[in-house]
């Protein structure tokens, strides 16, 4: 068994996860960051298929490296009786069980929440699905981009030329975040009441929550927010404009005080403050095109550094439109010492960001990313299997 830091808040908690892709691994990695022992169950002969999404990080997948540090990997063929028996023995000592198997697969293997509650009353099961365990789409597969489309997110993202995918796996991330917070809530509930409650999250419903503002806007306004690229659909001016040196700078005006400061100290046109076309937030949105002409003209007179200095002096929030190389060199991340080294299966080290939530007096785990099945022998031995039995399981391709 891996030694865990005693100071971390989830030390002593064991999580068993039959997981793949993004949503479930994202949830369990955060539990591992907090000190939980996370045993990742993978398929023999290849493991989590996210291992093969790409090979850009010293031969490893960028997705897998991001999502799976500090975990232990055991390979089990859950289609075999012997594989399921091993899983049962793992669950007997576990606090949390996470799965994002294909629709209906967990129930067919006897791993549904109600069945598990009968056998393991203190176990907290967490199910992550595409469209929920009940309802008309319960048996339907879902992937991140499909859910971006189903929730209408793709119709809001892009510009006048067409819709676009959000550049990260936002539906998976949303579901993983809610699974993580749901598990923490269930652990707290168990600790205070003794009752282990099941957690269920779907990608659709997780992202649907994040779509509530445009949903309200559409239901009660009669039309959905337009696609405007980096412009904000319901606030103006709020977006990116191109300076004389060709670099884009994005800025935001959130209230009338900032609007006055922009007019007086950046645009040099104090008369615009009370111009009926722009005097209120709604008026500025209604006359966005006219306002954009004025702002773009001023940007064209200045290079990006001058734009930034003037906006800063006026108290207007702004930022350069960074590319990934700019992000990697961001002065806030380096200045706040946010980067750490994490080891890969082959021994190479990569830079990884600390978890975004800091807990005073503790440091998160930043342990290695496991190879597929790296901990199988150790875990089986810990369950009481003899070396001969382990060899037999390997010969039968159970592990």
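In the stretch 315-322, is there at least one residue being in the same structural domain as residue 245 (by TED's automatic domain parsing), assigned to a helix (DSSP H, G or I) and either touching a helix residue (DSSP H, G or I) at 6+ places or on another chain (Cβ under 7 Å) or touching a residue at least 40 places away in the same chain (Cβ under 8 Å) (or both)? Looking for residues that are in the same structural domain as residue 245 (by TED's automatic domain parsing), assigned to a helix (DSSP H, G or I) and either touching a helix residue (DSSP H, G or I) at 6+ places or on another chain (Cβ under 7 Å) or touching a residue at least 40 places away in the same chain (Cβ under 8 Å) (or both), one finds none in the stretch 315-322, hence no. Considering the stretch 44-153, the qualifying strands (runs of 3 or more DSSP E), each wholly inside and each with 1 or more residues that are closer than 29 Å to residue 13 by Cα and within 18 Å of the chain's Cα centre (by Cα), run over 96-99, 124-129. Would you mind stating whether residue 167 is at positive phi and either surrounded by fewer than 17 Cβ atoms within 10 Å (Cβ to Cβ) or in a helix (DSSP H, G or I) (or both)? No.
Selection within the stretch 181-230: residues that are modelled with pLDDT of 95 or more and in a loop (DSSP other than H, G, I, E, B). The member of this set that is nearest to residue 162 (Cα to Cα) is 211. Quick check on residue 78: is it buried (at least 22 other Cβ atoms within 10 Å of the Cβ) and in the same structural domain as residue 182 (by TED's automatic domain parsing)? The answer is no for residue 78. Under the condition of being more than 21 Å from residue 278 (Cα to Cα) and in contact with a strand residue (DSSP E or B) (Cβ under 8 Å, 6 or more places away or on another chain), which residue from the stretch 308-322 is surrounded by the most Cβ atoms within 10 Å (Cβ to Cβ)? In this case the residue turns out to be 308. Reported count of residues in the stretch 247-270, each being closer than 20 Å to residue 283 by Cα, touching a residue at least 60 places away in the same chain (Cβ under 8 Å) and not in a strand (DSSP E or B), is 2.
Of all residues in the stretch 323-372, those satisfying the criterion of being touching a strand residue (DSSP E or B) at 6+ places or on another chain (Cβ under 8 Å), assigned to a loop (DSSP other than H, G, I, E, B) and free of Cβ contacts under 8 Å to residues at least 24 places away in the same chain are 338, 354. Scanning the stretch 288-307 for residues being surrounded by fewer than 17 Cβ atoms within 10 Å (Cβ to Cβ) and in a loop (DSSP other than H, G, I, E, B) gives a total of 3. For residue 391, the conditions (1) loosely packed, with under 14 Cβ neighbours inside 10 Å; (2) within 21 Å of the chain's Cα centre (by Cα); (3) not in a loop (DSSP other than H, G, I, E, B) all hold with the exception of (2).
In the stretch 218-232, the count of residues that are loosely packed, with under 15 Cβ neighbours inside 10 Å, free of Cβ contacts under 8 Å to residues at least 40 places away in the same chain, at negative phi and in the same structural domain as residue 154 (by TED's automatic domain parsing) is zero.
The values are calculated or read from the model by the stated rules, or taken from the named source; none is laboratory data. What you see is a predicted model, and the numbers here were worked out from it, not measured in a lab. For neighbour counting, all protein chains shown are included, and Cβ atoms are generated from backbone atoms with ideal geometry for every residue, glycine included.
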